[in-house]
Amino acid sequence: MEKNHTGQQDYLFDGAIFEKINPLLEKTVKVMFRKVTFESAGLKTLRDFAGKNIIYASFHTSNLSLLIFYTLLKRHNFSIPAAALDYNPFMFQPLKYLFRRLIKYFERIFAGGPLRDSIDTGIIERLLKNGNTVLVSLLSQKHFLKRYMEIGYDSLVHLIEIQKRIDEPVYVMPQIIFWNMNPERSDRRISASATGYRGILSGWFAIIRSVTPSFIRIGDPINLQEEIAAAGTDDARHIAGVLRNKLLEAYHHEKRSVLGPVIKSRQVMAERVLNHKNVLNEIKRLAAEQGRSERRLRKRAYKYYREIASSFSITMIRFFEIALDIIFRKIFDGLSYDPAALEMIREASQKGPLVITPCHKSHMDYLIVSYIFFKNKIVPPHIAAGVNLSFFPMGFIFSRSGAFFMRRTFKGLNLYPEVFRQYIKTLVNEGYSIEFFIEGGRTRTGKLAYPKFGFLNFLIDAIDEGFNRDLVFVPISINYDRILEETSYVKEMKGSKKEAESAKVMFESTKLLRRKYGKVHISFNKPFTLKEIEELGVPKEERALYISEKIVKKINEITTVTPFAITSATILLHTANGFSRKALIEKMGLLYGYLAYINVTMSHTLQRKANLEEIIETVLSSFIDDRIIEPLKDETGSVMEDFYIINEDQRQRIVFYKNSIIHYIIPLAFFSLALLYLNAQNALDASGLNAEYEGIKRIFSGEFIYASYEEGGSVDREKEMLEYLRTESIVDAAGGDIALNDHSTETLKFFAGIVRDYLESYLIVLHGIAVPRRGRTSKKDLLQEIRKTGIRLYHTGDVRLMESLSLPNYSTALKMLTDIGAAREAPSGKKGTDIEIVDRRKVEEILGKVNAYLFVIG
């Protein structure tokens, strides 16, 4: 008898696999299914477990699926399974072997000679002991009936008995073939499963007809020794039942994470949303209140639904991927992220629908998230997008890429909010992943804006009303070396009106694609669930606020420090307009030392301090090209070597990058400011320092969200600041006495200078409202007056920094005055807001503090 690839010939059973198969058949499979690959995480798993006792658990029964798996294993030099249980791998057996099987089959029928089956012998045990791998099918109908009716027959029971007899652990490794990534759809009358049974022709057609990739997904291996130990019983059949259920759950989880839930058509979704009692009751209420017909209100509800709803298409996602491959190669030097984090997200998705919550710095954000998800074989999310992005033709493209549209405000709208809320609840009910930006819109300053939690309330309401069991929040940080919107943000910060999105603007913006913007750094924090927040005892009415702030903190603590961010911060911390390369290196080393001390996430090039000079050269070169900085020239026009000046009109272009990491430096800046202030007052002691530090935090509580130790925060380390300053010999601290060391004042001024622009912005606001006004003033008009005040103070020299002329900072300062009771806001008209100063004593008190802080910074 011909040998199989184990070299054994003393047995005959249905599942034997021979290493050498029909060369024509092998070549045919290689050619027809050459696009099928192992996905990257699975390939790593196979390499990590090479040489161990492996049982591949397949969720397929066709010889084609076995042939493809066989071909891929050979391509990557992994061992081929020696046997396939609950399979009939006749394509892997020579004609002589098949003939002998046929003879034995007739012997069993006519002469009662039983076919020796692998389950009834020690064959599998010998194979595993000899270092061979084995494959078992879990979804074979034929073998299910045999297992169900013949009580003694069960491959998993046999494998468990083998594990009990051998010392080394046996690993069961789930293996699934995805013929494509096409989600199942409710509007398809004939819809073949992306993971179902395929013959050679149907499998080939499934691949060539789909624009999405075909691949084999390897799941997390299950250690049989650990399963037996955890079972609490020695009953192999019971353990096999638990194992089978665990593997089937893994199969359905992998399938859902790749394909997502069944995609409902827009019409089916319309039926579910518009016929829900929440919407119908609102229609009845409005009809009774307004005296309008229900028919007209239903027509309006349908119009709103059409404006909102997504038309998700995996084909459009694939075309988007192709386009982004080209665009990203053209404008970026790469996307930097950890693929292992995507596996963490895939695992977390078992607990409930994913709620993807990235920071929002650029229009590129939502493109990058969907791109990375699709690249890593995770179904991209449905994305909450502003209705301003629904313009033709991008509205059509975005909608089919998963975007659904929402208006910026619900004020003055009666029926729209209920239709929108119900659409969100229906998405949650279906289990779709949802992406939204906790800040509401893009930050123009570079730091995370204070969170808005209206949309978050809709998601929480969906769980409270039973539309799903839980929500899984995934905080994501996206930090850019340079952003495409750099110049437009500067204009908006100075007061220019944001240009509305349109086809014309989109066409004009293509010129931004002609240059490089460096790297994009994407970080994923550990997901957390709504149930986990509730288990902390957070009151029901405070959950949205708590979660929104937690998301911001979790994004902040994983933000990558980029070369452009740390260099921009150092340049802007120079009080003079010019600086030397030597001074820049020295000050940047100081800032780098602090960031390394608190162990923040740094880009690859920043991992070694020795790279700082090379980094400075790269960043300065980029800024010189954009005329943000210029080499200093003498009176003859000759360039003065290694000395640069900052173009004042361009400072705000790089403030964005400084602010992207400002949350890491804020605790030290506040501490340094408090030390300088108290030292000037001759009142420096531990209790006073803590009180002053907390007072500064309160002034800027609308600008920054401070992490806490109770939550494991790694960003706001106020308790470490004194220890850091003592370690660096900047202060002496013994007991309750604190003293500044010689020459430490300049270092403290350097660190405190990180908030100079914020102090000057608040100074502008406080001067702007100093003029007595009768009654309330429109917030819009007041901000215009404050803007003019800022320009005046800048030109008189009372305000030094151009970046202090910032509308977002002005708005936050007004909010601070409202929060402390110095001002009062009141709605005006449908969308407006009025502001009234109600306590000028508090205004004067804050003004005095701000002036004192600016004085000690110098």
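The values are calculated or read from the model by the stated rules, or taken from the named source; none is laboratory data. From a predicted model like this one, the values you see are computed outputs, not experimental measurements. Ideal geometry is used to build each Cβ from the backbone, glycine not excepted, and the neighbour counts take in all protein chains shown. Protein only, heavy atoms only, side chains kept; ligands, DNA and RNA dropped before computing areas. Shrake-Rupley method; radii C 1.70, N 1.55, O 1.52, S 1.80 Å.
Calculate, for the stretch 331-375, the solvent-accessible area per residue in square angstrom, rolling a 1.4 angstrom probe over the heavy atoms of the protein chains. Intermediate results must be reported in sequence, preceding the final value.
Values: 1290 Å² over 45 residues.
Value for the stretch 331-375: 29 Å² per residue.
Step by step: find N for the chain, compute 2.2 N^0.38 Å, then divide the Cα radius of gyration by it. What's the final number? List each step's numbers first, then the result.
Values: Rg = 32.7 Å, N = 858, 2.2 N^0.38 = 28.7 Å.
Output field value: 1.14.
Ignoring ligands, DNA and RNA, what percent of the accessible area of the stretch 270-364 is carbon or sulfur (1.4 Å)?
On the way: 2410 of 4710 Å².
The C+S portion of the solvent-accessible surface of the stretch 270-364 is 51 percent.
Calculate, in nm to one decimal, what Thr28 and Glu617 gain on full extension: separation in residues at 0.36 nm each, minus their alpha carbon distance. Walk me through the numbers on the way to the answer.
Numbers: separation 589, 0.36 × 589 = 212.04 nm, distance 5.47 nm.
Gain on stretching Thr28 to Glu617: 206.6 nm.
How would you rank 390-400, 288-298, highest first, on the average number of other Cβ atoms within 10 Å across their residues?
Details: 390-400: 16.5, 288-298: 12.2.
With the highest mean Cβ count within 10 Å placed first, the list reads 390-400, 288-298.
So how much accessible area does Asp365 have, in Å² to the nearest 10, using a 1.4 Å probe?
Only protein atoms counted, so the area is about 0 Å².
Over the chain, what is the mean sequence separation of C-alpha contacts under 8 Å (at least six apart), divided by residue count, expressed as relative contact order in percent?
On the way: 1294 pairs, mean separation 77.0, N = 858.
Computed value for the chain: 9 percent relative contact order.
Once neighbouring chains are kept in place and the probe is 1.4 Å, which whole percent of the accessible area of the stretch 388-545 is contributed by carbon and sulfur? Before the final figure, lay out the partial values.
Working: 3670 of 6630 Å².
Looking at the stretch 388-545 in its full context, I get 55 percent from C and S.
If you average the sequence gap of Cα pairs under 8 Å that are 6 or more apart and divide by the length of the stretch 205-348, what percent do you get for the contact order? Let's see the in-between values first.
On the way: 38 pairs, mean separation 35.0, N = 144.
Once normalised by length, the contact order is 24 percent.
What ranking, highest mean first, results for peptides 527-533, 631-637, 767-773 when packing means the other Cβ atoms within 10 Å averaged over each residue? Don't skip to the end; give the middle numbers.
Working: 527-533: 18.7, 631-637: 9.6, 767-773: 15.0.
Peptide ranking by packing, descending: 527-533, 767-773, 631-637.
Go through Lys411/Lys779; Lys361/Lys633; Lys447/Lys587 and tell me which ones have a Cα-Cα distance over 27 Å in this structure. Don't skip to the answer; put the middle values down first.
On the way: Lys411/Lys779 17 Å; Lys361/Lys633 36 Å; Lys447/Lys587 22 Å.
Correct reply: Lys361/Lys633.
In degrees, nearest 10, range 0 to 90: what is the angle between the Cα axis of helix 840-857 and the longest Cα principal axis of the chain?
80 degrees
Roughly what % antiparallel, to the nearest 5, for the DSSP beta bridges in the chain? Spell out each step's value before the answer.
Numbers: 34 of 66 bridges.
In the chain, approximately 50 percent of DSSP beta bridges are antiparallel ones.
Points 7 angstrom from Cα along the Cβ direction at Gln784 and Ala500: gap in nanometres?
2.0 nm
Calculate how steeply helix 63-75 sits against the longest principal axis of the alpha-carbon atoms of the chain, using the helix alpha-carbon long axis, and give the answer as 0 to 90 degrees to the nearest 10.
With both axes taken from Cα atoms, the answer is about 60 degrees.
Might you work out the accessible area of His252 for me, using a 1.4 Å probe with all protein chains in place, and round it to the nearest 10 Å²?
Counting only protein heavy atoms, the figure is 100 Å².
Using the per-residue mean of other Cβ atoms lying within 10 Å as a proxy for protection, in what order, highest first, do the peptides 223-235, 301-313 fall?
Numbers: 223-235: 13.7, 301-313: 18.9.
Final packing ranking: 301-313, 223-235.
So what is the relative contact order for the stretch 699-858, in percent, with contacts set as C-alpha pairs under 8 Å and at least six apart? Spell out each step's value before the answer.
Working: 155 pairs, mean separation 37.7, N = 160.
Value for the stretch 699-858: 24 percent.
To make sure I understand the rule: partners must be lysines, Cα under 28 Å from the Cα of Lys20, and not fewer than 8 residues away in the same chain. Which ones qualify?
Of all the lysines, those that pass the test against Lys20 - Cα under 28 Å, at least 8 places apart if same chain - are Lys3, Lys30, Lys35, Lys44, Lys52, Lys74, Lys96, Lys104, Lys129, Lys142.
Largest first and in whole Å, what are the equivalent-ellipsoid semi-axes of the stretch 366-512 based on the Cα gyration tensor, each being the root of 5 times an eigenvalue? List each step's numbers first, then the result.
Details: eigenvalues 149, 71, 55 Å².
Listed largest to smallest, the semi-axes of the stretch 366-512 are 27, 19, 17 Å.
If one takes the longest principal axis of the Cα atoms in the chain, at what angle in degrees, from 0 to 90 and to the nearest 10, does the Cα axis of helix 662-680 lie?
Rounded to the nearest ten degrees, it is 30.
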